[in-house]
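The values are calculated or read from the model by the stated rules, or taken from the named source; none is laboratory data. The structure presented is a predicted model; accordingly, all values stated were derived computationally and were not measured. Methodologically, a virtual Cβ is constructed for each residue, glycine included, from the backbone with ideal geometry; neighbour enumeration extends over all protein chains shown. Accessible surface is based on the protein model in full, side chains and every heavy atom, while ligands, DNA and RNA are left aside. Shrake-Rupley method; radii C 1.70, N 1.55, O 1.52, S 1.80 Å.
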Amino acid sequence: MNQAKMAQKQAELAKNAVNNPEHRFTNLYTLMHWEYWIIQAAQAVLKRPGSDTAGVDGQTKNAFKKVYKAEISGLVDELKRKTYVTQPVRRTFIPKKNGDQRPLGIPALRDRIVQEALRAILDPIYESDFCHHSYGFRRGRCTMDAIQAMMPRFNARGKYFYVIEADIKSYFDTVQHRKLVSILKRRIADRDIIDLIRKFLNAGVMEDGLFARTETGVPQGGVISPLLANVYLHQLDTWAETKWDRAHYRRNRENGRGNYILMRFADDFVIISNDRIAGVREAKQELKEFLDRELHLTLSEEKTALTHLNDGVTFLGFSIRRVISRGKWAVHLRPSQKAKEQIKVKLKEVTEGHDVNRSEYSKLTELNTIVSGWAEYYRYVSLLADINEIARFARERYFLWLRKKHKRTPKLQLIKSRKQVIFKTKRWVAETRQGSKVLFTFQWHPTRKELKRQKYLQKGRSGFPHPYLSEKLPD
């Protein structure tokens, strides 16, 4: 019943936002101290794997569950009396593949629940405003929707052969709080909601026992951070849509001018164009000036590239390149070189041989999970060769792990005793006993039975359905 009540209220917010694009919402804060709203937010947060990780207060999911009713009651009461106090986020660092470290902010569990309740109010409103070609952190959209929206425009008819591969310097760390709040106020007139958002923005970070204020940025790891990041960059989307209005497409082509489309997934975005190189260079400069002037963001000169499709474009882990195939031009979609290197590094790490006491069944299952998951993400690529390459690499790494596990067993004996032909492919096999049962597994391979490859069916050609409304919105 609680979930149905929340869905009904979210639909009302969404409908109001769609029908009244200039409306500023009031009386939203009362939802923050409805018990069923907080219960739904708590259940959503506690279901996530990250809820096992504690914030600065050390409270874990299990600890929270032991005093669940008291915690919910306390949150409702504090929010109602407006005495709720946010805690600093616990800063930790996760290694990046290039050797650098990415800062990650982990809010306290109670703060995550309040942020989820806040997100559940704001998301239906801003989903009604966000632009068509914004794909990141939005319900019903994924990376392949962004990729597939681009692909048809790269053909000989569209001729969108130039791509601005943009990169914003330290985006999540440089969002200006004052600017963000001013943008939020265009839609949200409820001061209590704005004040609560301010509290989270100014909560500060705790690192190695030391507190630091946060005067800019939204913490990567916060429940509400992706939505706030999208709200901020929505200004970029609307600027691009207004500047490069698709209604003038034919007129621009007839007059020898090019057209431009911005495709964005969170802070990763590209601008594709069928203009001449001089026009694209000018557009890149205009983009840089807009980000600096209006959003106080810096376009990285080192990482932002102006690329011709013949040279290959990288976006969201994919490489897109125009090549001559079978005597004619074709556009190939493949995993990026960086994506292949990253999966190989991961496979090397899990087959180093430090855990040779593990069962072969367990190790082979782990490898299968990694490789099949990676292949599933890239199953819409043009060529199977890249997936075969990774499957072959995993096969070789598993063999090295086996040899470390069985140092005294001859190589040929290992191959003979642990390989079988399955689905017309010779592969590694393993088994283990679980009570009276014998569990059997074999190494995953991208056969038709194991990997369903097909062309991705493009969504949203005439508009994506509103995720909070049952009926599809008109174009």
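Residue check: is G50 farther than 25 Å from P467 by Cα and of a type in the set (G, A, S)? Against the criterion (farther than 25 Å from P467 by Cα and of a type in the set (G, A, S)), G50 does not qualify. When residues in the stretch 13-58 are screened for being open to solvent by 30 Å² or more (accessible area, probe 1.4 Å), of a type outside the set (D, E, K, R), in a loop (DSSP other than H, G, I, E, B) and touching a Lys or Arg at 6+ places or on another chain (Cβ under 7 Å), 1 of them pass. Are any of the residues in the stretch 365-383 modelled with pLDDT of 95 or more, open to solvent by 70 Å² or more (accessible area, probe 1.4 Å) and more than 36 Å from the chain's Cα centre (by Cα)? There is no residue in the stretch 365-383 that is modelled with pLDDT of 95 or more, open to solvent by 70 Å² or more (accessible area, probe 1.4 Å) and more than 36 Å from the chain's Cα centre (by Cα).
Of the numbered criteria (1) touching a residue at least 40 places away in the same chain (Cβ under 8 Å); (2) surrounded by fewer than 21 Cβ atoms within 10 Å (Cβ to Cβ), the one M263 fails is (2).
Taking the criterion of being open to solvent by 40 Å² or more (accessible area, probe 1.4 Å), within 30 Å of Y380 (Cα to Cα), without any contact (Cβ under 8 Å) to a residue 40 or more places away in the chain and outside any loop (DSSP other than H, G, I, E, B), the residues of the stretch 279-327 that qualify are D311, R321, I324. Among the residues in the stretch 231-248, are any at pLDDT below 90 and under 27 Å from D167 (Cα atoms)? Scanning the stretch 231-248 turns up at least one residue that is at pLDDT below 90 and under 27 Å from D167 (Cα atoms). Summed over the stretch 448-475, the residues that are touching a Leu at 6+ places or on another chain (Cβ under 8 Å) and open to solvent by less than 70 Å² (accessible area, probe 1.4 Å) give a count of 3. Of the strands (runs of 3 or more DSSP E) that lie entirely inside the stretch 370-447, those containing 2 or more residues that are in contact with a Leu (Cβ under 8 Å, 6 or more places away or on another chain) span 425-434, 437-442.
Every residue, every condition in (1) more than 29 Å from K303 (Cα to Cα); (2) of a type in the set (S, T, Y); (3) surrounded by 18 or more Cβ atoms within 10 Å (Cβ to Cβ), yes or no:
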| position | (1), (2), (3) |
| --- | --- |
| G136 | no, no, yes |
| C142 | no, no, no |
| Y160 | no, yes, yes |
| A166 | no, no, yes |
| R186 | yes, no, no |
